[in-house]
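Below you'll find the structure, written out as structure tokens, and then a few comments.
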Amino acid sequence: MGRSVYPTGTVRYNPDKTWSGYTLFNAAGEGAVLIDMSGKVVHEWKDLQGFPNKMIPGGKVFGSLRCRDRFAAYQDYADLTEVDFDGQPIWSFNHNQEVDDEDVGKGWVARQHHDYQIEGNPVGYYAPGQDSKDDFNKVLLLTHNNVKKRKISPQPLLEDVLIEIDRSGKKLWSWHILDHFREFHLTNVQKNAMFRDPNTQQSGEQGEGDIFHVNCASYLGPNHWFDEGDERFNPNNIIMDSREANIMWIVDHESGKIVWQIGPDYTATRALRLMGPLVGMHHSHMIPQGLPGAGNIMVFNNGGWAGYGLPDQTSKTGMKTTRIDTSRVIEFNPTTLEVVWTFAATNFDSKVPFHGHHFYSPLVSDAQRLPNGNTLIDEGTEGRFLEVTPDKEVVWEYVYPHVGEYLVYRAYRIPYEWVPQLTKEEPKAITPPAIADFQVPGAADPNFNDDVKVSVEGATGYGKGAAFCVDKL
């Protein structure tokens, strides 16, 4: 937010322009939390962790009962579990790998991280006619596996693995990212940087090289590109991205091959140069059928630091060679790569690059397209949720009061009818005060006062003013 003191909870709400509902998010130290549009906590699933939390109709929530110790395994969750409104487990999966964790002993774990999709819905948020149901029989999970691939790096590697399971936990399909290492067409410079340091984390006995750090995996779902004959966009194909390598790609479900890719070189074509680099991105997905913008790809382009390349003055090792100190939500056409919509710090009347931090989340975060064309945005390191119109007007804004304790990985807008156990709130507009009129009790009014003002002889006053030292990114 750029300030040390600011209001929390819902700070603006225009019911006439929002697509109102509940908002679900993970709250560290608490659990899975559901708030209404006024910011009131209306339900909480205590201690249910979420990487992320998701909901299906009936007030049923998915999450994890246990996160493995960070020194035993890096960002590994032991299970994926569905619970009902009252917190009673309905379904759970952990039978992926057998491990021996010092704190709990031997047992089976899912090793789930960052994403999963429940049969019936391709992306995990509301899309008309694409609800996941309680009798689902297929789940896609993003998981981890420890491997050694000495041609890639002598360090032990943490491999991202997709698995599909049925309701009983039987594995139906899998895809291992390092089996497709050559398909990413990395340069020798990039591969040499990965070889020296594959983003090694302090987990396990020797560390784990989280070389790609994949943070999303969703089906494309029904889309007009495939209907028009483009096989790359088969509804069963899966879109993913790498936070560390600055790459987004689509996996062909049938062959396992990478059939569409952008990055890490964002100078390769004019369209990519106009888009600009995707750095440390999160929640890449195709907007589902039935929503405005369907078929376009939307991503929270975090900025921050990521990428492999030559060592230089800001990267001594060749890791995290690209840095951008601001974030953007980007929606683009996957065939032409034309950017059709963005939201950034400039939409807060900020002067970029001076105020890029006014909208900046270098980690976590997501964006969800809503049925009325608005976009729900989770600026995760700030714990700020925004609902933004196509014209980029902020019509709902919420600030999580405890974000200093943790990050908000994802937030999802939930239709009222998905939670029949709750009574829908009566909408009441919330209008924020003008910043100049917002003072902490006891502080003096900081506005200008004619009683203490004197004129300076010979001064011409402010006209257009001097030029800025820097006026372009």
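The values are calculated or read from the model by the stated rules, or taken from the named source; none is laboratory data. Everything numeric in this text was worked out from a predicted model, so none of it was measured. Glycine gets a Cβ as well: all are built from the backbone with ideal geometry, and neighbour counts include every protein chain shown. These area figures cover heavy atoms from the full protein model, side chains too; ligands, DNA and RNA do not enter into them. Shrake-Rupley method; radii C 1.70, N 1.55, O 1.52, S 1.80 Å.
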> Which ones in the range 214-224 are among the polar types (S, T, N, Q) and either over 16 Å from Leu140 (Cβ atoms) or in a helix (DSSP H, G or I) (or both)?
Replying inline: Asn223
> Only one residue in Ile152, Ile211 is open to solvent by 10 Å² or more (accessible area, probe 1.4 Å), outside any strand (DSSP E or B) and more than 23 Å from His95 (Cα to Cα). Which one?
Replying inline: Ile152
>> Take the conditions in contact with a Pro (Cβ under 8 Å, 6 or more places away or on another chain) and surrounded by fewer than 22 Cβ atoms within 10 Å (Cβ to Cβ) and apply them to Phe195. Does it pass?
In response: yes
>> Tell me yes or no: at least one residue of the range 246-264 is closer than 22 Å to Tyr74 by Cβ, surrounded by 17 or more Cβ atoms within 10 Å (Cβ to Cβ) and of a type in the set (D, E, K, R).
In response: no
>> Filter the range 225-249 down to the residues that are part of a strand (DSSP E or B) and more than 18 Å from Phe300 (Cβ to Cβ) and list them by number.
In response: Ile238
> Just for strands (runs of 3 or more DSSP E) wholly inside the range 63-134: which have at least 2 residues that are surrounded by 14 or more Cβ atoms within 10 Å (Cβ to Cβ), touching a residue at least 40 places away in the same chain (Cβ under 8 Å) and aromatic (Phe, Trp, Tyr)?
Replying inline: 89-93
>> within 20 Å of Gly9 (Cα to Cα) and either at pLDDT 95 or above or assigned to a loop (DSSP other than H, G, I, E, B) (or both): is that true of Glu457 in this structure?
In response: no
>> I'm checking my understanding of the structure. Among residues of the range 360-374 that are open to solvent by 30 Å² or more (accessible area, probe 1.4 Å) and of a type outside the set (A, V, I, L, M), which one is nearest to His224 (Cα to Cα)?
In response: Pro371
> From the residues in the range 1-34 that are among the hydroxyl-bearing types (Ser, Thr, Tyr) and assigned to a loop (DSSP other than H, G, I, E, B), which one is nearest to Lys60 (Cα to Cα)?
Replying inline: Ser20
>> Please go through the range 410-441 and give me each residue that is among the β-branched types (Val, Ile, Thr) and part of a loop (DSSP other than H, G, I, E, B), ordered by number.
In response: Val419, Thr423, Thr431, Val440
> Looking at this structure, is Pro311 in a loop (DSSP other than H, G, I, E, B) and within 30 Å of Pro390 (Cβ to Cβ)?
Replying inline: no
> Are any residues in the range 181-208 under 11 Å from Ala245 (Cα atoms) and outside any helix (DSSP H, G or I), and if so, which ones?
Replying inline: Leu186, Pro198, Asn199
> Which of the residues belonging to the range 227-245 are over 25 Å from the mean Cα position of the chain (by Cα) and either open to solvent by 60 Å² or more (accessible area, probe 1.4 Å) or of a type in the set (Gly, Ala, Ser) (or both)?
Replying inline: Asp227, Glu228, Gly229, Glu231
> Can you name the residue in the range 327-359 that is at pLDDT 95 or above and hydroxyl-bearing (Ser, Thr, Tyr) and is also surrounded by the fewest Cβ atoms within 10 Å (Cβ to Cβ) among such residues?
Replying inline: Thr336
> Quick one: what pairs do we get from the range 215-233, first residue more than 16 Å from Ile163 (Cα to Cα) and in contact (Cβ under 8 Å) with a residue 40 or more places away in the chain, second among the hydroxyl-bearing types (Ser, Thr, Tyr) and surrounded by fewer than 19 Cβ atoms within 10 Å (Cβ to Cβ), C-beta under 9 Å, 6+ apart or different chains?
Replying inline: Trp225/Thr335; Asp230/Thr335; Phe233/Thr335
>> Restricting to the range 185-218, name every residue that is aromatic (Phe, Trp, Tyr) and in contact with a strand residue (DSSP E or B) (Cβ under 6 Å, 6 or more places away or on another chain).
In response: Phe212
> Within the range 38-58, how many residues are assigned to a loop (DSSP other than H, G, I, E, B) and surrounded by fewer than 20 Cβ atoms within 10 Å (Cβ to Cβ)?
Replying inline: 5
>> It is to be established whether one or more residues within the range 179-189 are at pLDDT 95 or above and buried (at least 20 other Cβ atoms within 10 Å of the Cβ).
In response: no
>> Out of the residues in the range 81-103 meeting the condition of being among the acidic types (Asp, Glu) and touching a strand residue (DSSP E or B) at 6+ places or on another chain (Cβ under 6 Å), tell me which one is modelled with the lowest pLDDT.
In response: Asp100
> Can you tell me which residues in the range 281-292 are out of contact with any strand residue (DSSP E or B) (no Cβ under 6 Å at 6 or more places or on another chain) and buried (at least 19 other Cβ atoms within 10 Å of the Cβ)?
Replying inline: Pro288, Gln289
>> Looking at the range 321-341, I want the residues that are free of Cβ contacts under 8 Å to residues at least 40 places away in the same chain and farther than 20 Å from Asp391 by Cα and have a partner that is of a type in the set (Phe, Trp, Tyr) and surrounded by 16 or more Cβ atoms within 10 Å (Cβ to Cβ) with Cβ atoms under 6 Å, at least 6 apart or on another chain. Which pairs are those?
In response: Thr326/Tyr360
> In the range 10-32, is there at least one residue being in contact with a helix residue (DSSP H, G or I) (Cβ under 7 Å, 6 or more places away or on another chain), closer than 26 Å to Gly120 by Cβ, of a type in the set (A, V, I, L, M) and touching a residue at least 40 places away in the same chain (Cβ under 8 Å)?
Replying inline: no
>> Residues to consider are Thr423, Thr460; find the one that is open to solvent by 80 Å² or more (accessible area, probe 1.4 Å), closer than 30 Å to Lys60 by Cβ and of a type in the set (Val, Ile, Thr).
In response: Thr423
> How many residues does the range 382-406 contain that are farther than 15 Å from Pro52 by Cβ and part of a loop (DSSP other than H, G, I, E, B)?
Replying inline: 8
